[in-house]
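Quick notes on the structure that follows.
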Amino acid sequence: MSGLILHEYPASGNCYKIRLAAAQLGLPLERRSYDITKGETHTPEFLRDINANGRIPVLQDGDRFLTESNAICFYLANGSRLIPDGHYDQADMLRWMFWEQYSHEPNIATLRFWLRYVGIEALADPQRIQIAGKRDAGNAALALMDDHLASRRWFVADRFSLADICLFAYTHVADEANFDLEAYPAIVRWMEGIMTMPEHVTIDA
């Protein structure tokens, strides 16, 4: 891999997790930013040249374009220390990464985007109706994570892996969606462990 280009919306946790994985691996990324609030990923040029689905992140490696944030993280990290040894632990890592996209990100990330970047007054009625349900589901996800981390330092195989990176991305900014992270002490301890790593980069870097 060389000359990697990340097409991103910098405030997105899905884009951030790729930058965080790359930083952990010492992989340089050229970053190209698009403002999704202004429709910049739905221009004819973007749809034709970058992603016909009109979504980011997209990792460009030469003339190949890879979508889906967790797949991109796996592409970058395959064969590295961020992938645990053994078939079971690798599958367990993927299990948490799939769970993040299915049960965590749709609730915590969506509320963060609605409340911080759209504004509650600008939400359509169907979105307003979903807020309470997403908050309950988000807290359920955080409670499950906290319980899992209560007796371990990392999510999988007692080592830092892509599972931690992918879950950290939106968890550490969950307070921006008014989730009370102090209610989850094991999560706070886990986040502090990640944020004090020498290779760590922040979402606003």
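The values are calculated or read from the model by the stated rules, or taken from the named source; none is laboratory data. All values derive from a computational prediction rather than experimental measurement. Here the Cβ positions follow ideal geometry from the backbone for every residue, glycine too, while neighbour counts run over all protein chains shown. When the accessible area is computed, the model is the full protein with side chains, heavy atoms only, and any ligands, DNA or RNA have been set aside. Shrake-Rupley method; radii C 1.70, N 1.55, O 1.52, S 1.80 Å.
Just a few scattered comments:
- All conditions in (1) without any contact (Cβ under 8 Å) to a residue 12 or more places away in the chain; (2) at negative phi; (3) over 15 Å from the mean Cα position of the chain (by Cα) hold for Gly39, with the sole exception of (2).
- Considering Leu167, Leu162, Leu111, the condition of being touching a Cys at 6+ places or on another chain (Cβ under 6 Å) and buried (at least 21 other Cβ atoms within 10 Å of the Cβ) is satisfied by Leu162 alone.
- Flag for Arg116 being open to solvent by 70 Å² or more (accessible area, probe 1.4 Å), part of a loop (DSSP other than H, G, I, E, B) and in contact (Cβ under 8 Å) with a residue 40 or more places away in the chain: no
- Restricting the stretch 28-49 to residues that are among the β-branched types (Val, Ile, Thr) and touching a Lys or Arg at 6+ places or on another chain (Cβ under 9 Å), the residue that is least open to solvent (accessible area, probe 1.4 Å): Thr41
- If you go through the stretch 90-104 and pick out every residue that is open to solvent by less than 50 Å² (accessible area, probe 1.4 Å) and either among the hydroxyl-bearing types (Ser, Thr, Tyr) or more than 25 Å from Ser80 (Cα to Cα) (or both), you end up with 2.
- Here Leu25, Leu82 are screened, and the one residue that is in contact with a Ser or Thr (Cβ under 8 Å, 6 or more places away or on another chain), closer than 18 Å to Phe160 by Cβ and open to solvent by 10 Å² or more (accessible area, probe 1.4 Å) is Leu25.
- Scanning the stretch 67-84 for residues that are farther than 18 Å from Glu100 by Cβ and within 16 Å of the chain's Cα centre (by Cα) returns no hits.
- Annotation note: of Ala157, Ala122, the sole residue that is modelled with pLDDT under 95 and over 20 Å from Gly13 (Cβ atoms) is Ala122.
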